[in-house]
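Report on one structure; see the data block that follows.
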Amino acid sequence: MKKSYSNRQFTVSAIFIVVWIIFIARLFYLQIIDDSYILSANRNVLRVVTQYPARGLIFDRNGKLLVYNEVVYDLMVIPKQVKEIDTLELCNLVGITKDDFIQKLDKAREYSPYSASIFEKQISKESYGYIQEKLYKYRGFFVQTRTLRKYPDPVAAHTLGYIGEVNEELTLKDPYYKSGDYVGMSGLEKYYESYLRGNKGSRIMMVDVFNREKGSFRNGMYDTIAVAGKDLYSSLDAELQVYGEKLMKNKRGSIVAIDPTTGEILAMISSPSYDPNLLVGRVRGNNYAKLLNDPVKPLFDRALMALYPPGSIFKIVQSLVALDEGVITENTGFPCDKSLVGCHNHPSATNVKSAIKMSCNPYFYQVFRRIIQHNQSKDRFIDSELGLNQWYDKVTSFGLGNRLGIDLPNVKKGFIPSSVFYNHRYGEHQWAFSTIYSLSIGQGEVGIIPLQMANIAAIFANRGFYFSPHLIKYVGKEKITNPEYKVKHMTKVADRYFKIVADAMYEVVNEPGGTASGARMDSIIVCGKTGTAQNPQGQDHSVFIAFAPMNNPKIAIAVYIENAGFGGVWAAPISSLMIEKYLTRKVKRTDLEERMINANLMSLH
């Protein structure tokens, strides 16, 4: 019995010794090895400051800076540490009301009583100097630096895009972002966000009872370094972009210029536009509201989002489809029969080239009828459906009716009507050529964005293929490129027919009777096609696409001006000025330049 008691005593003692050893070991680990509890205990004397990385810069194709960063300051608050401060003095210092102060502090408490959050954002360096001098009085408040975007030239707003504060949805979706962070909201800023943003770092600072920083905790042992975002090297020609926006002042519409040999976008103008500096800093909210409510819609990117009838520029595509289908030859002629469809006065077209040169509507009415009515079925409705299916297959190979692979968000794909569309609208086998003949001259349901129009010009410049239009040549010092932009996209039309139409585009500009004499230059051979797109709501739209020089082209361009009338009057001259500016870097035709710049076509709406 005594022995049993002794054994029990030994067991209990052993348990106490083991527990004591574990307890000592745990204390040693927490106090000597693991600092997490020390950090937690010292939260009231330590401050974690986020190190925001410098956002990547954006350059043009010649190394000119398009977007850079400027330092601003956020006033941060840790609500639990806010005690016995002169609220009114702080409000005057920051430039807010007492109600604002209460609202901001309540919002910070709701986010976290113990963690820092933004109290007042984007304070300028001038205001920061005054605040920093007196910040020691306000326990719980400190300043944190970040950068905002600046634009040396107030151009390319739609293309470059803007940044804005993240919403709650994104913070839940992507743990990288926290409340108060900024993210690309549109344009290149949004598309290349993962490259531009970099990676945040942090510093743990010691502070005294007067809210003054006393140095890094543990000599920066727990700090992490912010990694700057990668720079973007764009294909934009800043000088050409500035010039294009100058030409489009007081006009609604768009200009898109592409290097056909690469698919690189040289300029992309949407007008009316706005100064991108308006959407930066503390005034961004008010300015955005004003721009959003502006009746001329300066925030609307017409180059990528405006769906227009292409008008007569579509005739060059119709010509190729008809030649490839074998329903006409290059020497096929048709009379200019205005009883079929309206047309301006000119001689009857005796071949494809003269029809394109004079832009004869009845000619292309007849051409499209042959495409659609192929006599593949005795039933004219079935025959029309079969013909439209073949037409649709070839037309969409030009990048129409599909989103081109441009490196920007929010791009419309345009619309090319199919037999499925007409079956849904009119009923199966309830429509024929007579229902859809307006497509023959680029009217009716067909819709194309200006980017696609410029891409058509690039296809003709290349005589049958295109590279996906894109804005960024490479990313960062590593020169990261997108291999998709090296892929050559072929149309479903035989190459040999492109020379016929390209020669006709030469005649449009350079021979008597052509509709685009306003684009003619002595020193550069321009090939183009005008369009006057019907507008049920007002005056017709002025359209022109072109490439130059004729041999070994270096630029393909589309100009679309809303409600400006004939394509040869406004769109063609503006296009030729852009071509001259890009290829020669100066413009000799100063009289034409002055007339185009000073023209106010907004009043035509």
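Inside region 233-242, can you point out the residues that are more than 17 Å from ALA157 (Cβ to Cβ) and part of a strand (DSSP E or B)? Hit for region 233-242 is TYR233, nothing else. Of all positions in region 404-417, none carries a residue that is in a helix (DSSP H, G or I) and either of a type in the set (A, V, I, L, M, F, W, C) or crowded, with 16+ Cβ neighbours inside 10 Å (or both). Just one residue in the set LEU247, LEU170 is on the phi < 0 side of the Ramachandran plot, assigned by TED's automatic domain parsing to the domain that holds ILE561 and aliphatic (A, V, I, L, M); that residue is LEU247. Being in a loop (DSSP other than H, G, I, E, B) and either within 15 Å of ALA546 (Cα to Cα) or of a type in the set (A, V, I, L, M) (or both) is the filter here, so list the residues in region 429-463 that pass it. Answer for region 429-463, where residues must be in a loop (DSSP other than H, G, I, E, B) and either within 15 Å of ALA546 (Cα to Cα) or of a type in the set (A, V, I, L, M) (or both): ALA432, VAL446, ILE449, ASN462, ARG463.
For region 306-343, the tally of residues that are without any contact (Cβ under 8 Å) to a residue 60 or more places away in the chain and touching a Lys or Arg at 6+ places or on another chain (Cβ under 8 Å) stands at 3.
Restricting GLY538, GLY565, GLY528 to residues that are of a type outside the set (S, T, N, Q) and without any contact (Cβ under 8 Å) to a residue 40 or more places away in the chain narrows the list to GLY565.
Quick check on ALA599: is it closer than 23 Å to VAL296 by Cα and either surrounded by fewer than 19 Cβ atoms within 10 Å (Cβ to Cβ) or not basic (Lys, Arg) (or both)? For ALA599, the condition - closer than 23 Å to VAL296 by Cα and either surrounded by fewer than 19 Cβ atoms within 10 Å (Cβ to Cβ) or not basic (Lys, Arg) (or both) - is met. One residue alone among GLY531, GLY518 is among the small types (Gly, Ala, Ser), in a helix (DSSP H, G or I), touching a Ser or Thr at 6+ places or on another chain (Cβ under 8 Å) and crowded, with 16+ Cβ neighbours inside 10 Å, and that residue is GLY518.
When ILE555, ILE545 are checked against the criterion of being in contact (Cβ under 8 Å) with a residue 60 or more places away in the chain, surrounded by 24 or more Cβ atoms within 10 Å (Cβ to Cβ), of a type in the set (A, V, I, L, M) and touching an Asp or Glu at 6+ places or on another chain (Cβ under 8 Å), a single residue qualifies: ILE555. Filter region 567-596 down to residues that are surrounded by fewer than 22 Cβ atoms within 10 Å (Cβ to Cβ) and outside any helix (DSSP H, G or I) and give me whichever is nearest to the chain's Cα centre (by Cα). Looking at residues that are surrounded by fewer than 22 Cβ atoms within 10 Å (Cβ to Cβ) and outside any helix (DSSP H, G or I), I get ARG585.
A single entry from ASN375, ASN455, ASN462, ASN389 fulfils the requirement of being surrounded by fewer than 19 Cβ atoms within 10 Å (Cβ to Cβ) and either at pLDDT 95 or above or under 19 Å from ILE258 (Cβ atoms) (or both): ASN389. If the condition is being within 30 Å of VAL155 (Cβ to Cβ), touching a Ser or Thr at 6+ places or on another chain (Cβ under 8 Å) and among the aliphatic types (A, V, I, L, M), then region 64-95 contributes LEU66, VAL71, VAL72. Just one of (1) farther than 23 Å from LEU46 by Cβ; (2) assigned to a helix (DSSP H, G or I); (3) of a type outside the set (D, E, K, R) fails for ILE131. It is (1).
Among the residues of region 112-128, the ones that are part of a helix (DSSP H, G or I) and either charged (D, E, K, R) or more than 20 Å from ARG282 (Cβ to Cβ) (or both) come to 2 in all.
Yes/no matrix, rows are residues, columns are (1) farther than 16 Å from ALA519 by Cα; (2) outside the structural domain of TYR243 (by TED's automatic domain parsing); (3) touching a residue at least 40 places away in the same chain (Cβ under 8 Å):
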| residue | (1), (2), (3) |
| --- | --- |
| VAL569 | no, no, yes |
| PRO573 | no, no, yes |
| SER576 | no, no, yes |
| LYS581 | no, no, yes |
| ARG585 | yes, no, yes |
| THR590 | no, no, no |
| GLU594 | no, no, no |
| ILE597 | no, no, yes |
| ASN600 | yes, no, yes |
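Filter region 534-566 for residues that are of a type in the set (A, V, I, L, M, F, W, C) and either touching a His at 6+ places or on another chain (Cβ under 6 Å) or outside any strand (DSSP E or B) (or both) and give the result. Residues satisfying the conditions are MET550, ALA564, PHE566.
Out of the residues in region 257-291 that are outside any loop (DSSP other than H, G, I, E, B) and touching a His at 6+ places or on another chain (Cβ under 7 Å), state the one that is farthest from LEU160 (Cα to Cα). The qualifying residue farthest from LEU160 (Cα to Cα) is GLU264. If the condition is being modelled with pLDDT of 95 or more, of a type in the set (D, E, K, R) and in a loop (DSSP other than H, G, I, E, B), then region 299-354 contributes ASP301, GLU330.
Among the conditions (1) part of a loop (DSSP other than H, G, I, E, B); (2) among the small types (Gly, Ala, Ser); (3) within 28 Å of ALA504 (Cβ to Cβ), GLY387 misses just one, which is (1).
Only one entry of ASP74, ASP86 meets the criterion of being in contact with a Lys or Arg (Cβ under 9 Å, 6 or more places away or on another chain), crowded, with 17+ Cβ neighbours inside 10 Å and acidic (Asp, Glu), and that entry is ASP74. Does LYS499 satisfy the criteria of being modelled with pLDDT of 95 or more, outside any loop (DSSP other than H, G, I, E, B) and more than 30 Å from GLY229 (Cβ to Cβ)? Spelling it out, LYS499 is indeed modelled with pLDDT of 95 or more, outside any loop (DSSP other than H, G, I, E, B) and more than 30 Å from GLY229 (Cβ to Cβ). Do we find that MET358 is surrounded by fewer than 21 Cβ atoms within 10 Å (Cβ to Cβ), among the hydrophobic types (A, V, I, L, M, F, W, C) and in contact (Cβ under 8 Å) with a residue 60 or more places away in the chain in this structure? In short, no. Determine if region 243-252 includes at least one residue that is among the acidic types (Asp, Glu), assigned to a loop (DSSP other than H, G, I, E, B) and either under 15 Å from the mean Cα position of the chain (by Cα) or crowded, with 19+ Cβ neighbours inside 10 Å (or both). No, the conditions are met nowhere in region 243-252. Could we say that GLY464 is touching a residue at least 40 places away in the same chain (Cβ under 8 Å) and on the phi > 0 side of the Ramachandran plot here? Taking the combined requirement at face value, the residue does not satisfy it.
The values are calculated or read from the model by the stated rules, or taken from the named source; none is laboratory data. Predicted model, so just to flag it, every value in this text is computed and none were measured. No Cβ is skipped: glycine too gets one built from the backbone with ideal geometry, and neighbour counts run over all protein chains shown.
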